[in-house]
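Here is the structure we will look at, set down as structure tokens.
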Amino acid sequence: MLSSLWKPEMRVEALTSTLEQRVLLNDLDLNLHMNNGRFLTVCDLNRVDLFIRTGLLALMLQQKWAPIIVRHTMDYKKPLRPFQKYTVSMSITRWDEKYFYATHQFVSRGKVVAEGESTAVLLGRDGVVPPEKVIEAVTARQNRTAVQAR
């Protein structure tokens, strides 16, 4: 999460977070490969990276919005072994009147080892915050920040 603070800002037009990782010993299950639950935790790290780099985290704290995953699927194709390097990416592919939809992909040695999809909402004091409102707020914040930087 700390490394996200030094990465370039992520614009609303390109909502993809990519992280370089390595399988650590605390990621392993009894079969000595990365635990299926750890894959989902790493997807959370992608989300936090996106929240920080778009400025959404600051808005969530200010507005008291809470991110909630309502559905997450993952297809596991190949195991990730101890200390193996991998790249994980998450892209917000679309949104509708209620949900954000994201794809997740884990790649190691040029091969997809796992991929999945998640559906999320932001909850506010009055219920679900419409994604259009979130996108407008993030865009406005990014535009203000760009003007202040000049």
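The values are calculated or read from the model by the stated rules, or taken from the named source; none is laboratory data. All values reported here derive from a predicted model rather than from experimental measurement. Using ideal geometry, Cβ is built from the backbone for each residue, glycine included, and neighbour counts are taken over all protein chains shown. Just so you know, the surface numbers come from the protein's heavy atoms only, side chains and all, with ligands and any DNA or RNA stripped out. Shrake-Rupley method; radii C 1.70, N 1.55, O 1.52, S 1.80 Å.
Does T87 satisfy the criteria of being surrounded by 12 or more Cβ atoms within 10 Å (Cβ to Cβ), out of contact with any Phe, Trp or Tyr (no Cβ under 6 Å at 6 or more places or on another chain) and of a type in the set (V, I, T)? Here the answer is yes, as T87 does meet what is asked. Applying the criterion of being touching a Ser or Thr at 6+ places or on another chain (Cβ under 6 Å) and touching a residue at least 60 places away in the same chain (Cβ under 8 Å) to the residues of the stretch 90-118, the residue that is most open to solvent (accessible area, probe 1.4 Å) is S91. Taking residues in the stretch 49-75 that are over 11 Å from G124 (Cα atoms) and of a type in the set (K, R), and partners anywhere that are open to solvent by less than 40 Å² (accessible area, probe 1.4 Å) and not in a strand (DSSP E or B), the pairs with Cβ atoms closer than 6 Å and at least 6 places apart or on different chains are R53/S4; R53/M10. Looking at N31, N26, just one residue is exposed (fewer than 12 other Cβ atoms within 10 Å of the Cβ), touching a Lys or Arg at 6+ places or on another chain (Cβ under 9 Å) and not hydroxyl-bearing (S, T, Y), and that residue is N26.
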